[in-house]
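Scroll down for the structure; my scribbles are underneath it.
What follows is calculated from the coordinates using simple rules that are stated; it is not laboratory data. Predicted, not measured: the structure shown is a model, and the values here were computed from it. Ideal geometry is used to build each Cβ from the backbone, glycine not excepted, and the neighbour counts take in all protein chains shown.
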């Protein structure tokens with residue numbers, strides 16, 4: 001498996017939203033992108049505000065741009081806000097420094113895409129993203 | 001009904017892809033956006049190239065930006081390319097002048113969103129978009 | 001093989017330039033990008049003007065965005081300049097509609113990247129790109 | 001000598017990567033730009049994430065935009081983040097405020113280009129950049 005297919009992406013988003021319902025989270029939005037940061041699938045739940053696609057994709061693609069989870073991008077932003085701000089201004093896709101963006105790898109550890117979730121707290125967004133990844137039979141990067 | 005909900009958007013995309021399969025079309029990508037042109041749901045079928053989200057959303061949001069289908073935006077582009085080019089450069093969302101972007105209205109005729117499809121010929125993209133809209137119990141603008 | 005590695009990219013560029021020397025072409029610039037359109041390697045020969053990276057990458061990434069060679073993107077631009085212009089304004093990477101951008105596929109036909117060459121006529125740029133791809137043991141998309 | 005030629009740029013990148021291997025650094029990416037900040041050559045090692053070109057070029061071109069190393073740009077960003085942020089938003093090229101971007105001068109001290117390296121810690125990136133510059137027979141700005 002060298003890529004995330006559409007069935008896996010849809011399963012991932014459905015499971016992300018199921019986890020959100022289970023935990024009583026606010027309306028979520030979830031993006032699944034390929035290894036280049038390009039969208040495979042996106043859904044925004046009823047009641048979510050209109051800027052959520054950019055945030056969800058920006059968590060996922062920003063993680064991929066730097067090769068770490070968006071939680072770590074957020075850590076970088078605390079330590080060096082100017083660096084992350086400058087990167088966000090120059091990257092090919094949005095870079096959103098907040099937890100909820102998780103890289104997906106194949107069996108060999110090679111990057112095959114990422115998932116980004118937004119809508120509740122960043123910690124809860126990440127929990128929902130991880131639930132989605134696992135439900136789709138995919139593997140988050142350590 | 002004053003908006004497209006996520007269930008309708010997902011039903012629309014599934015029916016769009018079913019129509020594509022029925023007609024033997026190339027891999028399709030479909031975007032469903034709200035009345036502001038913001039994404040509710042998007043899916044890119046396996047094998048579709050990575051720039052398809054911008055095209056699908058640009059057909060849908062471009063139609064909304066001008067209040068007519070993207071088929072008519074394409075007609076405008078033939079007659080007045082400078083006008084459509086300038087609009088594309090200044091609009092809040094992409095404006096893609098090619099058939100396949102269809103505005104969705106409620107029972108009173110008020111605009112509630114749009115659907116954009118890309119991947120095959122523009123004519124076939126539009127056929128698939130209309131099939132999706134009707135399958136979701138929605139109504140295309142005349 | 002599911003990706004182009006750096007050694008292959010460097011071999012491809014060296015062979016592209018060797019072909020240019022053999023044919024007496026003007027100074028060339030060559031970009032090798034991954035399947036997401038992101039740069040793996042780029043070189044600009046002495047005497048080439050400074051905008052060449054954007055053109056070389058835009059031929060390669062534009063081809064990938066639409067799933068066809070940049071020669072076909074150029075054909076689209078002749079037939080529907082407004083469509084290609086609007087796409088160029090909205091794509092994640094530059095889209096340059098001129099021959100010289102060639103998609104690279106693996107043994108199964110899956111897209112693994114692209115090569116973009118600029119500096120001489122577009123036809124000659126494409127000849128040099130194809131020479132580079134073959135010299136690196138890679139396979140151009142039909 | 002009033003410019004960096006392609007042979008020097010390629011030698012510089014090879015020596016940068018050799019230093020990275022010697023020190024056991026993570027996969028590196030290196031950009032060599034001319035005095036205008038425009039790319040002469042770029043390479044991204046296997047395993048490096050996709051956003052590395054913007055970072056490498058942004059270190060090099062950002063240094064040139066201000067006439068100091070990107071280490072000093074990072075110092076400025078600590079003292080005056082609003083200034084560097086505004087510059088990053090308005091400059092013709094990316095401005096990345098982190099060590100690893102080093103200006104190259106000729107015998108008279110005139111600026112002829114810059115090198116930007118990213119992938120490991122900023123301090124190690126700078127060590128690798130300096131190794132590359134010296135190996136190519138070039139001279140870093142004091």
Legend entry - Tail fraction, Cα-Cα pairs, the stretch B:6-140, threshold 20 Å, whole percent: 36
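Can you sort D:32, A:95 by how many other beta carbons sit within 10 Å, fewest first?
Values: D:32 34, A:95 28.
Lowest to highest Cβ neighbour count: A:95, D:32.
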Legend entry - Evaluated over the protein assembly as shown, the Cα radius of gyration and Dmax, each in Å: 23.4, 76
Legend entry - Shortest-first distances to equivalent copies, position residue D:76, nm, label 7 Å out along Cβ: 2.1, 4.0, 4.3
Inset, instruction - May I ask for the distance between the Cα centers of the stretch D:69-91 and the stretch B:28-82, given as a whole number of Å? - result: 38
Legend entry - Inter-site label distance for residue B:142 and residue A:46 at 7 Å from Cα along Cβ, in nm: 2.9
Legend entry - Pseudo-label separations to other copies for residue B:140 - Cα-to-Cβ vector, 7 Å, nm: 3.9, 4.3, 6.3
Inset, instruction - Determine the calculated [θ] at 222 nm for chain C from helices alone, applying -39500 (n - 2.57) to every DSSP H run no shorter than 4 residues and normalising by the residue count; nearest 500 deg cm²/dmol. - result: -15000 deg cm²/dmol
Legend entry - Relative contact order [Cα under 8 Å, 6+ residues apart], the stretch D:1-117, whole percent: 29
Inset, instruction - May I ask which residue of chain B has the beta-carbon nearest to the axis carrying chain B onto chain D, and at what distance in whole Å? - result: B:50, 6
Inset, instruction - Place the label 7 angstrom along Cα→C-beta at residue A:18 and in each other copy, then list the distances from the first to the rest in nm, shortest first. - result: 2.2, 5.5, 5.6
Legend entry - Inter-chain Cβ neighbour average for residues B:62-69, partner chain, 10 Å: 0
Inset, instruction - With springs only between Cα atoms under 10 Å apart, run a GNM on chain C and tell me which of C:63, C:128, C:41 wobbles the most. - result: C:41
